[in-house]
Amino acid sequence: MRSLSTLDELRKTRFSLDGTVGLVPTMGFLHDGHLSLIRRARDECDHVIVSIFVNPTQFGPKEDLAKYPRDLERDLRLIEPLTDLVWTPSAEIMYPTGYQTWVEVEAVARPLEGAMRPGHFKGVTTVVAKLFNAVQPHKAYFGQKDAQQVAVIRQMVRDLNFPIEIVVCPTTREPDGLAMSSRNVYLDAEQRQAATVLFRSLSAAKELFEAGERDAEKLRGKMKEVLASEPLTEPQYVSCADYDTLEELTEIKGKALLSMAVFIGKTRLIDNFVLG
Ligand code: AMP
């Protein structure tokens, strides 16, 4: 595995590669969820490029950029057997002095995470567009764990004609259902236990759906009821929305997304299930 940081080195090396290239963008502090994306890319492409970059522009002023967990040495050890090339650009490479160009998706980036984290998706789409331009992959791999991110990136790829296939991989979970996340390390033992309530709440709503319930408000009510049973949690939003537009539903007719953001102490966790 080659490890590069400058754009010139990346370009030179990337264009020396024959065959298909898969890109897995990450912010590092890798876990099995990230590795599942890399393995899928390994299975489907001739070459796998992983980027590790904690993108400052997708963090709000009150968010955890400075204390976002990092361990580059461990990350490199984990991906070594699965990856041809890892790109670890600095913030100066991605956003040099005088930087002033942004990519912004409109409607689908507005609700849910977009409403709670103003500017977040503008940072995400800008950095992903820059990664796509730098690496020019055939396929790029993203996790269903960040469902709205997938919807926003798909929209960007359609609107800006990126000739890249977006591959969405299922959410990897701990044995008790908690979705793997770099942020889970912030949880103490009691909070970690409480954090299973996201999975339990989504599962309860899905059970109602499978029993025939199509009233979206009833599913939102069930998720809120289960979350309320766990005193350490403070829900930020609970949603039952159209899978593509992310608009809140009254009645579920096609594919829907159940999603939520919940604070446990100072840690903000998100999770989702797809219905239908
Ligand atoms: P991050 O490093 O958090 O920006 O995540 C990098 C990529 O890994 C994104 O496409 C995420 O959606 C994906 N990812 C993060 N956690 C998981 C998980 N538990 N299962 C599957 N994919 C994940």
Item checked: Residue check, residue 203 in contact (Cβ under 8 Å) with a residue 12 or more places away in the chain, more than 14 Å from the ligand (Cβ to nearest atom) and of a type in the set (Gly, Ala, Ser) -> yes
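Take residue 104 and decide whether it is part of a helix (DSSP H, G or I), open to solvent by 10 Å² or more (accessible area, probe 1.4 Å) and without any contact (Cβ under 8 Å) to a residue 60 or more places away in the chain.
no
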Margin query: I'd like to verify a number: residues in segment 129-146 that are in a helix (DSSP H, G or I), out of contact with any Ser or Thr (no Cβ under 6 Å at 6 or more places or on another chain) and open to solvent by 10 Å² or more (accessible area, probe 1.4 Å), how many?
Written below: 3
Note to self: If I filter segment 21-34 down to residues being of a type in the set (A, V, I, L, M, F, W, C) and open to solvent by 10 Å² or more (accessible area, probe 1.4 Å), which single residue comes out as nearest to the ligand (Cβ to nearest atom)?
What the structure shows: 27
Next item on the list: Name every residue in segment 1-46 that is small (Gly, Ala, Ser) and not in a loop (DSSP other than H, G, I, E, B), in order of residue number.
Entry: 3, 22, 33, 36, 41
Notebook entry, point to check: Given the residues 185, 167, which is the only one that is surrounded by fewer than 20 Cβ atoms within 10 Å (Cβ to Cβ) and either part of a helix (DSSP H, G or I) or basic (Lys, Arg) (or both)?
Noted result: 185
Checklist line | Unique match (being assigned to a helix (DSSP H, G or I), outside the structural domain of residue 117 (by TED's automatic domain parsing) and within 19 Å of residue 145 (Cα to Cα)) among 268, 200 | finding: 200
Notebook entry, point to check: Of the residues 110, 77, which is closer than 18 Å to residue 24 by Cβ and open to solvent by 40 Å² or more (accessible area, probe 1.4 Å)?
Noted result: 77
Notebook entry, point to check: Of the residues 220, 158, which is of a type in the set (Lys, Arg), without any contact (Cβ under 8 Å) to a residue 12 or more places away in the chain and either buried (at least 18 other Cβ atoms within 10 Å of the Cβ) or assigned to a helix (DSSP H, G or I) (or both)?
Noted result: 158
Item checked: Count of residues meeting criterion [touching a residue at least 40 places away in the same chain (Cβ under 8 Å) and either basic (Lys, Arg) or under 22 Å from residue 169 (Cβ atoms) (or both)] in segment 246-275 -> 16
Check: Is there any pair with a first residue in segment 120-139 that is within 11 Å of residue 153 (Cα to Cα) and a second that is among the β-branched types (Val, Ile, Thr) and open to solvent by less than 10 Å² (accessible area, probe 1.4 Å) whose Cβ atoms are under 8 Å apart and which are 6 or more apart or on different chains, and what are they?
Finding: 121/152; 124/152; 124/153; 125/152; 125/153; 128/153
Next item on the list: Take segment 131-160 and flag every residue that is within 14 Å of the ligand (Cβ to nearest atom) and not hydrophobic (A, V, I, L, M, F, W, C).
Entry: 137, 139, 141, 143, 144, 145, 146, 148, 149, 154
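The values are calculated or read from the model by the stated rules, or taken from the named source; none is laboratory data. Just so you know, these numbers come straight off a predicted model, no measurement behind them. As a convention, Cβ positions derive from the backbone with ideal geometry for all residues, glycine included, and neighbour counts pool all protein chains shown. With ligands, DNA and RNA removed, areas are computed over all heavy atoms of the protein, side chains included. Shrake-Rupley method; radii C 1.70, N 1.55, O 1.52, S 1.80 Å.
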